[in-house]
Amino acid sequence: MPELAEVDYYRKQWNAGLDEVVSRVFVHPAARIFRDTPAAAMERGLPDRRFLKSRAHGKQMMFEFSGGAWLGLHLGMSGELTTAPADHVPTKHEHLVIVLESLALVFSDYRMFGKVTLEITDDEEAPLWWRNLPPQVLERSFTKSRVGEFVKRFPKTPLKTLLLDQRGFPGIGNWMADEICWQLKVAPQTPAGSLNDAFLDAIWKMTRFVSREAMEVIGTDWSDLPDSWLMNHRWRDGGICPRRGCKSELLRGDLRGRTTCWCPKCQE
Ligand SMILES: [Zn+2]
């Protein structure tokens, strides 16, 4: 599932079409990605507008078109953004194809948990829901005290589950949450209420560290994270903890509905 850095990687793929004008829009009207804005509204609302800007916020994306048209996009589980030649014919899972002058913007999503919305505000301000999103983990407003207060609100919740909460940690998904717990040497199941203030500060710092590295490595050109991270070992059966001197076999299990990987030795 695309997380912070993967989302930003996909967002930038569409930047190839910046400053071009929409000529037409192909949709699969029955696709579930149109559950909030009907496909017909996309076909009507986007042509003749210029693609001005793209932004990402955690797992959310916003594409601005001229005349105050805002295309919100969430990739869900399996969504991908690519570009294709302007005469591209949409394939089965390409539910939204926006044809510009020299190329086409393609949103494919075979599981259709992704979503697109179109709002016409007629002004230069993004829709309210976008402006009200919580501070991003790499922004200055994502402070230690904010993280501490958020975590303390849910004392019984396992730390990993809290890290997945988009109200507190926008963009953090399954692999990043496991990575943060592993790097901090804390069991993902640890109830948030049992963590002291110094540890809450460490969570803040590690969240930013993992996010920054992921943005540099994956967000830029989707290259591989270092082998010294949990990420490259977590899906392998019989995966071994990559921490120097550990050599313990990694465990995988369900935690509140999400597959979770941890080292029983480093993360007691
Ligand atoms: Zn270990």
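Starting at the first residue of the stretch 102-119, write each ³J(HN,Hα) from the Karplus equation 6.51 cos²θ - 1.76 cosθ + 1.60 with θ = phi - 60°, in whole Hz, x for Gly and Pro.
3J(HN,Hα) across the stretch 102-119, in whole Hz: 10, 7, 10, 8, 10, 10, 10, 6, 6, 8, 6, 7, x, 7, 10, 10, 10, 10.
Using a 4.7 Å Cβ cut-off, which Cys residues in the chain lack a partner cysteine?
Cys181, Cys261
Explain nothing, just the number: dipole magnitude of the chain about its Cα centre with +1 on each Lys and Arg Cβ and -1 on each Asp and Glu Cβ, in debye rounded to the nearest 20. Working shown, then result.
Values: 36 positive and 35 negative charges, 249 e Å.
It comes to approximately 1200 debye.
Using alpha-carbon pairs under 8 Å, 6+ residues apart, how would you state the relative contact order of the stretch 4-131 in percent? Walk me through the numbers on the way to the answer.
Details: 292 pairs, mean separation 39.2, N = 128.
Relative contact order comes out at 31 percent.
Tell me, what is the FRET efficiency for Arg44 and Asp254 to the nearest 0.05, using R0 = 45 angstrom and their Cβ-Cβ distance as r?
Working: r = 44 Å, r/R0 = 0.98.
The calculated FRET efficiency here is 0.55.
Whole-Hz Karplus ³J(HN,Hα) for the stretch 151-156, in order, using 6.51 cos²θ - 1.76 cosθ + 1.60 and θ = phi - 60°, x for Gly and Pro?
Ordered by residue, 3J(HN,Hα) equals 5, 5, 6, 10, x, 8 Hz.
Using θ = phi - 60° and the Karplus relation 6.51 cos²θ - 1.76 cosθ + 1.60, list the HN-Hα couplings for the stretch 55-63 in order, rounded to whole Hz, with x at every Gly or Pro.
9, 10, 9, x, 8, 9, 10, 9, 10
Given an 8 Å cut-off on Cα distances and at least 6 residues of separation, report the relative contact order of the chain as a percent. Show your work: numbers first, answer last.
Values: 535 pairs, mean separation 48.1, N = 268.
After rounding, I find 18 percent.
How tilted is helix 4-14 with respect to the longest principal axis of the chain? Cα atoms for both, answer in degrees (0 to 90, nearest 10).
Around 20 degrees separate the two axes.
Just how large is the dipole of the stretch 97-162 about the Cα centre, in debye to the nearest 20, putting +1 at every Lys and Arg Cβ and -1 at every Asp and Glu Cβ?
Values: 10 positive and 9 negative charges, 196 e Å.
About 940 debye.
Collect residues whose amide H, placed 1.01 Å from N in the peptide plane, falls under 5 Å from the amide H of Ala104; neighbours closer than 5 in sequence don't count.
For Ala104, the qualifying residues are Ala84, Ala86.
With a 10 Å Cβ neighbour count serving as the proxy for reagent exposure, in which order, fewest first, do Leu81, Leu18 appear? Let's see the in-between values first.
Working: Leu81 24, Leu18 13.
The most exposed by this proxy come first: Leu18, Leu81.
Full extension from Ser66 to Asn132: what is 0.36 nm times the residue separation minus their Cα-Cα distance, to one decimal in nm?
Details: separation 66, 0.36 × 66 = 23.76 nm, distance 2.19 nm.
Computed gain between Ser66 and Asn132 is 21.6 nm.
PRE reach from Leu52 (point 7 Å along Cα→Cβ): which of the stretch 99-126 fall under 14 Å by backbone N?
Output list for this probe position: 119-126.
Residue separation times 0.36 nm, minus the C-alpha to C-alpha distance between Arg35 and Ser145: what's the value? Walk me through the intermediate numbers first.
Numbers: separation 110, 0.36 × 110 = 39.60 nm, distance 3.71 nm.
Stretched out fully, the Arg35 to Ser145 stretch lengthens by 35.9 nm.
Suppose only helical runs count, i.e. DSSP H with n ≥ 4. What mean residue ellipticity at 222 nm does that imply for the chain under -39500 (n - 2.57) per run, divided by all residues and rounded to the nearest 500 deg cm²/dmol?
-8000 deg cm²/dmol
Amide H neighbours of Ser248 under 5 Å, counting only residues 5+ apart in sequence or on other chains, H built in-plane at 1.01 Å?
Cys241
All of the numbers you see were taken from the coordinates with simple rules; none came from a lab. The structure displayed is predicted, hence computed values, not measured ones. Please note: Cβ atoms are built from the backbone with ideal geometry, for glycine as well, and neighbour counts cover all protein chains shown.
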